[in-house]
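Reviewing the structure listed below.
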Amino acid sequence: MNLLGQLGGAPAAETPTCSRKGCRGNAQWQLLWNNPKIHPPGRRKIWLACDGHREWLQDYLVQRSLWKETLPLKESATPESSA
């Protein structure tokens, strides 16, 4: 058994989950954001969202002037990192 609790072989595929605190729902959306006080202009951080929390998370980022774009999870953006 390795450190991840697996019995050898290839690592188990992880299903992306929603970034909303306490939610374990499957992510369907990626919310790209940037805090201009601490990030360079081109950097995009990513929160993942399930269908039920997409609007809540987006509104949270919009109210703080951090939101940049919301994309379906399968659509690839070239972010520098995720949160």
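Structure notes:
- Residue within region 53-61 that is polar (S, T, N, Q), outside any strand (DSSP E or B) and open to solvent by 70 Å² or more (accessible area, probe 1.4 Å) present: no
- Long-range neighbours under 7 Å by Cβ, at least six apart or interchain, first residue more than 21 Å from Pro16 (Cα to Cα) within region 57-79, second at pLDDT 95 or above and open to solvent by less than 80 Å² (accessible area, probe 1.4 Å): Leu66/Trp33; Leu66/Asn34; Leu66/Asn35
- For region 62-78, the candidate set comprises residues that are within 18 Å of Pro41 (Cβ to Cβ) and open to solvent by 100 Å² or more (accessible area, probe 1.4 Å); within that set, the residue that is modelled with the highest pLDDT is Arg64.
- Residues satisfying the stated conditions in region 28-52, i.e. without any contact (Cβ under 8 Å) to a residue 24 or more places away in the chain and open to solvent by less than 40 Å² (accessible area, probe 1.4 Å): His39
The values are calculated or read from the model by the stated rules, or taken from the named source; none is laboratory data. Keep in mind the model is a prediction, meaning the values are calculated, not measured. Reconstructed Cβ throughout: ideal geometry from the backbone, glycine too, with neighbour counts over all protein chains shown. Surface accessibility is based on the protein's heavy atoms, side chains included, excluding ligands, DNA and RNA. Shrake-Rupley method; radii C 1.70, N 1.55, O 1.52, S 1.80 Å.
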